[in-house]
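The values are calculated or read from the model by the stated rules, or taken from the named source; none is laboratory data. Please read all numbers here as calculations on a predicted model, not as lab measurements. Here the Cβ positions follow ideal geometry from the backbone for every residue, glycine too, while neighbour counts run over all protein chains shown. Side chains are part of the model used for accessible areas, which takes the heavy atoms of the whole protein and leaves out ligands, DNA and RNA. Shrake-Rupley method; radii C 1.70, N 1.55, O 1.52, S 1.80 Å.
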Amino acid sequence: MEIERKFLVKKLPTDIEQYNYHDIEQAYLCTEPVVRIRRQDNDFFLTYKSSGLMSHEEYNLPLNEESYLHLLKKADGNIITKRRYLIPISENLTVELDIFEGVKKGLILAEVEFPTEEEALSFTAPDWFGEDVTFLPEYHNSTMSKERTG
């Protein structure tokens, strides 16, 4: 079970360059249910996600690069690209700060995963977080992949 909340970002942390990051490219083979392929640095995955905005089942299966590139040609909609910074904010919580490129350039989102729904619902966001968009489908990558561009 993946339990996460998602926020817009008011301002980037001033020390962002000190944090580890991943360069991510992902595309969707299906959005209901979500079937996604992802390149994260030099690793490749096929992911299935059940429905749900804050909580959902998620299964990741490894792919090789050849399989990823084959499936990428079959993907629908926009390819989502972003740099994801990993910013610890407590002993057991890390912000995944996504700075989007490509078709969503300029969008910055912060996601935090939680062990329980209770912890997710009682979370107090840091000052640099903006609006909570957890329950707004338009901020989910699968929805963004379907947006018309140009």
* Thr94: among the polar types (S, T, N, Q), in contact with a strand residue (DSSP E or B) (Cβ under 7 Å, 6 or more places away or on another chain) and either open to solvent by 60 Å² or more (accessible area, probe 1.4 Å) or under 19 Å from Glu2 (Cα atoms) (or both), yes or no? -> yes
* Structure fact -> Matching residues in segment 108-140 (modelled with pLDDT of 95 or more and under 12 Å from the mean Cα position of the chain (by Cα)) number 8
* Where in segment 59-149 are the strands (runs of 3 or more DSSP E), entirely inside, with at least 3 residues that are free of Cβ contacts under 8 Å to residues at least 60 places away in the same chain and of a type in the set (D, E, K, R)? -> none
* Would you be able to say whether some residue in segment 36-55 is in contact (Cβ under 8 Å) with a residue 60 or more places away in the chain, crowded, with 16+ Cβ neighbours inside 10 Å, closer than 17 Å to Met144 by Cα and of a type in the set (A, V, I, L, M, F, W, C)? => no
* To do: Scan segment 1-35 for residues that are open to solvent by 30 Å² or more (accessible area, probe 1.4 Å) and not in a strand (DSSP E or B) and jot them down.
  => Met1, Lys10, Lys11, Leu12, Thr14, Asp15, Glu17, Gln18, Tyr19, Asn20, Glu32, Pro33
